[in-house]
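Heads up, the thing below is written out as C-alpha cells.
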Amino acid sequence: MIRLSAFADEISQDPREQIDVLTRHGVKHIEFRAIHGTNVLDLSDEQHREFRSMLGDAGFGLSALGSPIGKIKITDPFEPHLDRYAKALDLADFYGCPRIRIFSFYMPAGDDPTIHRSAVMDRMSQLADIAVERNVALFLENEKGIYGDLADRVHDLLTTVDSPALSHAFDPANYVEVGQSIDPAWTLLKPFLTHFHVKDYSEAQHKNVPAGEGDGQIPALLADAVGGGYDGFVVLEPHLTVAELSYGFTGPERFADAANALKRILKEKSIPFA
C-alpha cells in the first residue's frame, strides 16, 4: 500500500497550518524537517512535546525524520555531527518513528569524489552500525554536491556499507538535476528502494514542476515500484516556489497543485493509496 506523506515545512512553518493543509488533501503523515523556522534537531524539548501532542490529536504520524544528518562537508569534524545524530535517534524514539532520512556528505567543489570515498564509507558505516543497535532505518537520499549524487556512487555506498539499516530514498528530481539518466538509476537502485520522494524537475524549464510534468518519469517509476511489491511512503517534496541547497518551499496554494498531481498519477495508474 502506498502511504502519502509530505515535507510539511514546504507548506508553512506553522505546525497547525501544516496539519490543516495536509488534512484537506488527505495526507496524514509528515516527513518532519522543521516547524517554527527551526530544524527538527534544534527544537526545544517543549516544542517537541507540543508537536507530538498536536500530531496525536490530529491522527497524524511521521513517515520519517527529515534530518540534515550527512549534510556537512566530508572534511568537517565528524564527532560533533555524531552528537547531532544521537539527537536524531532520540527523537526517533520520542516520536515512535524509527526512520531517519540522511545524506552522504558534501565534497569540496572540483574534487574528484574518489579522493573522499574511504572517508564517506567509514562515516556511513558508523552511522549504519549505530542505527542497527538502535533498531532504526536510515534512508539515504541522493542530492547534488554530495558523494551520493549519481546512481553509481549511491550503489557503491549501499553495497559497500551493506547494512540492513541503510537503504535508498529515491529522489527523481535530484537525479535529473545532476544529469543522471533516470532509467539506469532506477534499474540499478530499485532493489534498495524503501522510500520515495515525489519531486520532479524539468530540464527544459530549469525548475521543479508538479509530479509528471518533468523528466523524473514519476508515473512510470511509481507503477513499476508498486508492481514490484513496493509497500511504503511516497513523500511530497515539491520545491515549486523555492529550491535552495538546504531549503525548499511551495506554499499552501502551490502545494495543492503538487498534491493533486500526485493523486492524479496514482489514480491513473490504479495505485491504491492512503
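The values are calculated or read from the model by the stated rules, or taken from the named source; none is laboratory data. Because the structure is predicted, anything quoted here is derived from the model rather than measured. When we count neighbours, we look across all protein chains shown, and the Cβ atoms used for this are built from the backbone with ideal geometry, even at glycine.
Against the test of being surrounded by fewer than 21 Cβ atoms within 10 Å (Cβ to Cβ) and under 16 Å from the mean Cα position of the chain (by Cα), the options Lys87, Lys71 yield a single qualifying residue, Lys71. When region 1-21 is filtered for residues that are farther than 19 Å from Val234 by Cα, buried (at least 18 other Cβ atoms within 10 Å of the Cβ) and either touching a residue at least 40 places away in the same chain (Cβ under 8 Å) or of a type in the set (S, T, N, Q) (or both), only Ser12 remains.
For the structure I just gave you, tell me whether Gly216 is within 18 Å of the chain's Cα centre (by Cα) and closer than 25 Å to Ala128 by Cα. Taking the combined requirement at face value, the residue does not satisfy it.
Region 111-205 holds helices (runs of 4 or more DSSP H) entirely within its bounds, and those carrying 3 or more residues that are among the hydrophobic types (A, V, I, L, M, F, W, C) and under 22 Å from Gly232 (Cα atoms) map to 117-134, 151-161, 182-189.
Can Arg33 be described as without any contact (Cβ under 8 Å) to a residue 60 or more places away in the chain and buried (at least 20 other Cβ atoms within 10 Å of the Cβ)? Yes.
Conditions tested, residue by residue: (1) within 17 Å of the chain's Cα centre (by Cα); (2) at pLDDT below 95.
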position: Ala151; (1), (2): yes, no
position: Thr159; (1), (2): no, no
position: Lys190; (1), (2): yes, no
position: His206; (1), (2): no, yes
position: Gly212; (1), (2): no, no
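If you go through region 44-54 and keep only what is farther than 14 Å from Asp14 by Cβ and either in contact (Cβ under 8 Å) with a residue 40 or more places away in the chain or surrounded by 15 or more Cβ atoms within 10 Å (Cβ to Cβ) (or both), you end up with His48, Arg52. Listed by first and then second residue, the pairs with beta-carbon distance under 7 Å, at least 6 apart or on different chains, first residue in region 249-274 and touching a residue at least 40 places away in the same chain (Cβ under 8 Å) and closer than 17 Å to Asp200 by Cα, second polar (S, T, N, Q) and outside any helix (DSSP H, G or I), are Phe249/Thr241; Thr250/Thr241; Gly251/Thr241; Ala258/Thr250.
For region 32-46, does any single residue satisfy the condition of being assigned to a helix (DSSP H, G or I) and more than 23 Å from His197 (Cβ to Cβ)? Checked region 32-46: at least one residue is assigned to a helix (DSSP H, G or I) and more than 23 Å from His197 (Cβ to Cβ). Can you confirm whether region 3-15 contains a residue that is more than 26 Å from Tyr106 (Cα to Cα) and β-branched (Val, Ile, Thr)? For region 3-15, residues more than 26 Å from Tyr106 (Cα to Cα) and β-branched (Val, Ile, Thr): present. Residue pairs whose Cβ atoms lie under 7 Å apart, separated by 6 or more positions or on different chains, with the first residue in region 70-84 and in contact (Cβ under 8 Å) with a residue 12 or more places away in the chain and the second part of a helix (DSSP H, G or I) and charged (D, E, K, R), are Phe78/Arg123.
In this structure, Ala64 does satisfy being surrounded by 22 or more Cβ atoms within 10 Å (Cβ to Cβ), in contact with a Lys or Arg (Cβ under 6 Å, 6 or more places away or on another chain) and small (Gly, Ala, Ser).
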